[in-house]
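Below is one structure, written out as structure tokens; comments come after it.
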6 protein chains.
Amino acid sequence: MRLMLLNPNTTTALTERLVASARSILPDEVTLVPVTAERGFPYISSRPEAQLAGAEVLEIVAAHLPAVDAVTIAAFGDPGLDAAREAFDLPITGMTEAAMVTALQLGQTFAFVTFTPQIAPWYRDQVTRAQLSARFAGVFSPRQGFGDITSVAEDLTDALRETCKVAARHADVLVLAGAPIAGLASVIEKDVPAVLIDPVKAAVLQAHALWRLRPKGADKGGYARPPGKASVGLSSHLSGWLQRETTRD
Amino acid sequence: MRLMLLNPNTTTALTERLVASARSILPDEVTLVPVTAERGFPYISSRPEAQLAGAEVLEIVAAHLPAVDAVTIAAFGDPGLDAAREAFDLPITGMTEAAMVTALQLGQTFAFVTFTPQIAPWYRDQVTRAQLSARFAGVFSPRQGFGDITSVAEDLTDALRETCKVAARHADVLVLAGAPIAGLASVIEKDVPAVLIDPVKAAVLQAHALWRLRPKGADKGGYARPPGKASVGLSSHLSGWLQRETTRD
Amino acid sequence: MRLMLLNPNTTTALTERLVASARSILPDEVTLVPVTAERGFPYISSRPEAQLAGAEVLEIVAAHLPAVDAVTIAAFGDPGLDAAREAFDLPITGMTEAAMVTALQLGQTFAFVTFTPQIAPWYRDQVTRAQLSARFAGVFSPRQGFGDITSVAEDLTDALRETCKVAARHADVLVLAGAPIAGLASVIEKDVPAVLIDPVKAAVLQAHALWRLRPKGADKGGYARPPGKASVGLSSHLSGWLQRETTRD
Amino acid sequence: MRLMLLNPNTTTALTERLVASARSILPDEVTLVPVTAERGFPYISSRPEAQLAGAEVLEIVAAHLPAVDAVTIAAFGDPGLDAAREAFDLPITGMTEAAMVTALQLGQTFAFVTFTPQIAPWYRDQVTRAQLSARFAGVFSPRQGFGDITSVAEDLTDALRETCKVAARHADVLVLAGAPIAGLASVIEKDVPAVLIDPVKAAVLQAHALWRLRPKGADKGGYARPPGKASVGLSSHLSGWLQRETTRD
Amino acid sequence: MRLMLLNPNTTTALTERLVASARSILPDEVTLVPVTAERGFPYISSRPEAQLAGAEVLEIVAAHLPAVDAVTIAAFGDPGLDAAREAFDLPITGMTEAAMVTALQLGQTFAFVTFTPQIAPWYRDQVTRAQLSARFAGVFSPRQGFGDITSVAEDLTDALRETCKVAARHADVLVLAGAPIAGLASVIEKDVPAVLIDPVKAAVLQAHALWRLRPKGADKGGYARPPGKASVGLSSHLSGWLQRETTRD
Amino acid sequence: MRLMLLNPNTTTALTERLVASARSILPDEVTLVPVTAERGFPYISSRPEAQLAGAEVLEIVAAHLPAVDAVTIAAFGDPGLDAAREAFDLPITGMTEAAMVTALQLGQTFAFVTFTPQIAPWYRDQVTRAQLSARFAGVFSPRQGFGDITSVAEDLTDALRETCKVAARHADVLVLAGAPIAGLASVIEKDVPAVLIDPVKAAVLQAHALWRLRPKGADKGGYARPPGKASVGLSSHLSGWLQRETTRD
């Protein structure tokens, strides 16, 4: 299967980090197709940035159809996830949602550990969206600032390890949230008395599972594709796709 | 005060309908500034359309700063509402959210009545986002289809009146959801045993109230503006605004 | 419009404080009609006091009909709010509820900051009543006691500012709860990294908005007036009003 | 033990009905002390009536102290329950709350069956107050009207039996809600495929259990008595009680 | 009435402790029938132990039918409670559930205080099962370890008193959770500013109340007995009981 | 990887049906190890049966360690799932939980469709346990009875198809609940306007994903293994496993 690892950030070094983490646990039958956004922000960390990145996610998926079998949107916060699922006809997973559904099977409560408090409101929105607040213990982050987004995982390893130890007093499962710290879970898990989840791993494994389960895609129910509609200002790939005739029950 | 009535749909006839309804109840001190989107869809009715329209909302607000004092996003479903609040420094309201907070003061439970079931999943997402499910009784709509989006309120008056009567058995307050049926509440309210809310009216009144309460805007807490950041592919208005230096606690 | 500012406490100095805060932000078209309870307690701070004050609220509103267009019940805790809405045929708002629906539009979470922990259980009940617990971060108060109820805002300014700073770590929006600290928000807001709400301001603005939206009052749904009924022991104003024939669906 | 059965309605025939039902299941050690309100309404069926009746409940309890060991407020809807618990120093139960906590032990879900839809909003408020909505299946009532409040149980036996059969499709346990239908459960339980609860029975049994468990009363925590406070306009019994010095943590 | 006090632990010293606490508050009409499990664990403190103990609970009840009128499962965590209610035709209560429904009537919020953090996940599951999380403030326990399970209450008296003082800042009512600390509430209640509940007392009083209310047992609704079914590997008492013909609606 | 498909029912024909469905979608790297319970019931359909079956699940897993890498408990209702996760050191999934976490990624709401209403209370408990009620639309089943448990899927195909069509009006995703109807989803999915999930497929795919993600098992957090403890009456496999020394944080 061809699985698009869609990085909505414009930083290719982050894409490489995500790919390395994902590849380490995928079955051989999955071929990763990494794509990095060409428009948007080096690193998404707020709702306005996510609103714009989510629009770009739709453009990117439309441009690559039908060359992939499934998509993982590889930014924690899942920009464009619901929109893409409703628009397209193949399995699509997000890092936050996939980490949460994995966590539900590994403990009663989960928390997010991330590298900056500034990003927390957007991340919390995803828990609300999924209506999983009853099992959520909050967002934890170090107080110190960070420098280069591509080396946060290395620069803040100690601070994040200590933050995890604090978070472990409040939750069974910790999700290491944010593309820049993909792969960190393996480094610190022996020191933390909680289950750690690397969300990009969870997201590609869930995409694989959905593809195995149901290759025809999510084309019914609340994600059924809307009727075709004309538009102004989109790329020809996306406007063409959205304009074609479909039906929703 | 200058209140932008931002219609994210590209149909100016809908803007006119919204303006007429809003003007009928606003105090004299409010000057409406109607703006219609130039990119996007004639009428937004799905999550992918809302994702794209929400991005356009950010562009439109950035293009009009600082000529307005407050903004009402005038499409039910509130595309771009959270993103715009976090990005900009003035009061911003949405039709769904404003109708809901008004309904909370007029009954224990509220429902949405709209003109097509196809739009319901997107509308329901707004109740989840606001965590108001405990007071929500569902979305109700006629089964029959509709033709011209600009005359839905007139074409389906009888069907919507009957739908309201059914919905009134399940909720204290009914929100007539969707820009195309702005103004309909006044026509049918005498026939329906429930409180009816015209959401564009609620939205402009809440914008007025927020402006009166707190003219400095929502610049702290969870909507505090993110740090300035460079971007690729946005208009100069929006990229310039998002790139300037700000601080978030 | 004539808006009754109904202070259910018997202390006129509190009424004056509430009026000053409310007048500072109301549009010119609103004429405040201040009324102070003649029976009850100097300052309501418990459920039994609120039970009795709520009964008095019904008496006071009945005594002033039809000379006012809307009512704001100006004690945090909203004594008699649901009862008055069901009994009478005009817009009625409460300080707690209005502050909460305003807070919903200014952040994801809100907290109450008040001047004594003794009052917290009654205040918390209002969050439960409105089913808004999912967005509530708790009640915060200084540990030190207070003296004269009419100068709490001045006597405890520093303590309340510090309490707000603590609360700001837990909520986006802080409601300065309690009539005795009306007006304090303006004094300390520059020092606190959260949105501050003065609830009497929110309550009169919501009353104005409801009056603009729907001058016929909340006479349908869950607040529809009950059938007329005879009573023993009430004033003639209130018993007469409650005895007249009405219908509820 | 002396257990006050406090009927906040002014109709003594209802008190007699309640007493008969309660006596049929109480242990010998419990002596019922029936009291009927002298001010208020023949039958409470709305929030304004409950607000006033709740104030009268406080007056009645204060007038009978210390001649009773516990109190059951014998109107479904529990007027004045929280206020009385905070004011007084002995076990107090309510019909709605006691029926609900009993139902929690007899099935996963419960519903209320009552004789008129007009009373439903007030009854539903009690489920919200107790935060038991997750186990509540709604209020069910016959459509037909009723005549004399003292013979509703007999006049509507068939209609209520049929309503129970419908409600049994939605809930495991049915609470026969309202003082006028006390005792009906025994008449119809063999015909209804659900557990039936007669709430006055549940309320006196819970009062007995609380008295057995903890005779010193609920004098700590959220029902701790407030500091003594002067008042205007209350009876000498109640004002005297509320004014005496106590402390709350 | 004959009330079986079923201790699913195999330690008879715990049974004696539970009986002593229960007898101190029961009416004379209740005759306790203490039974101690012969298979299982000296003290249950995890989910696998509770899974096995719950199976043994079914065997024990089946072996004693029809010699008892009601059953209290006397291990905090309520092993086998739902299973036993569905299987048998008499009132059955559990220590956790009974303590919780009692707490609902004595404050807004409750917490569990227990003697080891290791047991907390299993105890928390019972709050989720009952859907009472909205009123739950968490599990509190001392950090120090414990020795002999039969003298925990005495060995840790001081530590548990201090833990209660901390928990009292978070909850109105504290449940002293765990059979080994039955009776401790009476020892420390004067030092703790919260209502304390000894759960075995609550459980036997609720069993008495259910027996008074409804001697025919919970044989309808969600606990209706399932159709008779053959089995392999159970005792003849239990397999015989489960195989007999019954009907469920 | 060796994945135990543990059927807690004693009917081997059901095991064969489950294996057939699971094998149809598993990657080649997964070797199924089917095991059928030797004690218990031909088909589990109530809480007491599930209590006993869950105890047997612990015995079976203990007897097969360390010959398998992961376990799927293959009865809808997940008997023994939490207990087994806390007891053992390898990934364990359940049909209900796995179907639910899969459904969360394919729509906003899910429902269960099963072949008899008698089984519904036990199934509903699993939604409560997972705290997913906000996304659950209920249990749907045909009214007609069923005969041989091994041919329910074939005997009731038409009735279940029609039930699915009704359920599709209430939920986006339908879970075909119950081992006896494993495989049915593929037969009827083209006729039903909703996403259909075959839970055994979801359960084995989630087991595969957890094994890929985290082969060391769920040995921290809320499922951390309890301290070793002696027992009476268990098999030597299970008692030996539970008695060995481990530590929990």
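The values are calculated or read from the model by the stated rules, or taken from the named source; none is laboratory data. Computed from a predicted structure; not experimentally measured. A quick note on method: Cβ atoms are made from the backbone with ideal geometry, for glycine too, and the neighbour counts reach across all protein chains shown.
The table that follows gives values for the structure above.
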| read-out | value |
| --- | --- |
| Flag for D:Ala159 being out of contact with any strand residue (DSSP E or B) (no Cβ under 7 Å at 6 or more places or on another chain), surrounded by fewer than 24 Cβ atoms within 10 Å (Cβ to Cβ), not in a loop (DSSP other than H, G, I, E, B) and not acidic (Asp, Glu) | yes |
| Subset tally (residues that are assigned to a strand (DSSP E or B) and closer than 25 Å to F:Lys229 by Cα) for region E:3-31 | 3 |
| Options C:Arg169, C:Arg212, C:Arg225; residue that is without any contact (Cβ under 8 Å) to a residue 12 or more places away in the chain and either hydrophobic (A, V, I, L, M, F, W, C) or part of a loop (DSSP other than H, G, I, E, B) (or both) | C:Arg169 |
| Residue count, region F:2-26 (criterion: more than 7 Å from chain E (Cβ to nearest Cβ) and surrounded by 17 or more Cβ atoms within 10 Å (Cβ to Cβ)) | 17 |
| Criterion (within 29 Å of A:Arg124 (Cβ to Cβ), out of contact with any Pro (no Cβ under 7 Å at 6 or more places or on another chain) and aliphatic (A, V, I, L, M)) met by exactly one of C:Ala224, C:Ala203, C:Ala182, C:Ala177 | C:Ala203 |
| Residue, farthest from D:Thr157 (Cα to Cα), within region D:116-131, restricted to residues that are away from chain E (no Cβ under 14 Å) and touching a residue at least 40 places away in the same chain (Cβ under 8 Å) | D:Asp125 |
| Number of positions in region A:158-184 that are closer than 16 Å to A:Asp148 by Cβ and within 11 Å of another protein chain (Cβ to nearest Cβ) | 0 |
| Helices (runs of 4 or more DSSP H) lying entirely in region F:34-145 (those with 3 or more residues that are farther than 30 Å from A:Asp82 by Cα) | F:47-64, F:81-87, F:120-130 |
| So A:Gly228, is it of a type outside the set (Lys, Arg), away from chain F (no Cβ under 11 Å) and touching an Asp or Glu at 6+ places or on another chain (Cβ under 6 Å) | yes |
| Selection from region D:39-57 of residues that are under 19 Å from D:Ser239 (Cβ atoms), of a type in the set (D, E, K, R) and facing chain C (nearest Cβ under 7 Å) | D:Arg39 |
| Count of region E:193-223 residues which are more than 8 Å from every other protein chain (Cβ to nearest Cβ) and among the hydrophobic types (A, V, I, L, M, F, W, C) | 6 |
| Extreme residue, surrounded by the fewest Cβ atoms within 10 Å (Cβ to Cβ), among residues of region C:185-214 that are closer than 24 Å to C:Ile73 by Cα and among the small types (Gly, Ala, Ser) | C:Ser186 |
| Test: residue in region E:232-245 that is within 28 Å of D:Pro199 (Cβ to Cβ) and in contact with a helix residue (DSSP H, G or I) (Cβ under 7 Å, 6 or more places away or on another chain) | no |
| Lone qualifier among B:Gly145, B:Gly178 - being surrounded by 23 or more Cβ atoms within 10 Å (Cβ to Cβ), out of contact with any Asp or Glu (no Cβ under 8 Å at 6 or more places or on another chain), modelled with pLDDT under 95 and not acidic (Asp, Glu) | B:Gly178 |
| Residue under evaluation B:Val113, criteria (1) of a type in the set (A, V, I, L, M); (2) within 11 Å of another protein chain (Cβ to nearest Cβ); (3) crowded, with 22+ Cβ neighbours inside 10 Å, criterion not met | (2) |
| Checking B:Leu242 against (1) crowded, with 24+ Cβ neighbours inside 10 Å; (2) within 20 Å of the chain's Cα centre (by Cα), the condition it does not meet | (2) |
| Residue satisfying condition, being over 18 Å from the mean Cα position of the chain (by Cα) and within 12 Å of chain B (Cβ to nearest Cβ), within set A:Phe146, A:Phe88 | A:Phe146 |
| Residue that is surrounded by the most Cβ atoms within 10 Å (Cβ to Cβ), among those in region A:62-79 that are in contact (Cβ under 8 Å) with a residue 12 or more places away in the chain and not hydrophobic (A, V, I, L, M, F, W, C) | A:Asp78 |
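To keep it simple, each residue is scored yes or no on (1) among the small types (Gly, Ala, Ser); (2) more than 30 Å from F:Phe136 (Cα to Cα); (3) touching a residue at least 40 places away in the same chain (Cβ under 8 Å).
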{"position": "A:Arg135", "(1), (2), (3)": "no, no, no"}
{"position": "A:Phe140", "(1), (2), (3)": "no, no, no"}
{"position": "A:Arg143", "(1), (2), (3)": "no, yes, no"}
{"position": "A:Asp148", "(1), (2), (3)": "no, yes, no"}
{"position": "A:Ser151", "(1), (2), (3)": "yes, yes, no"}
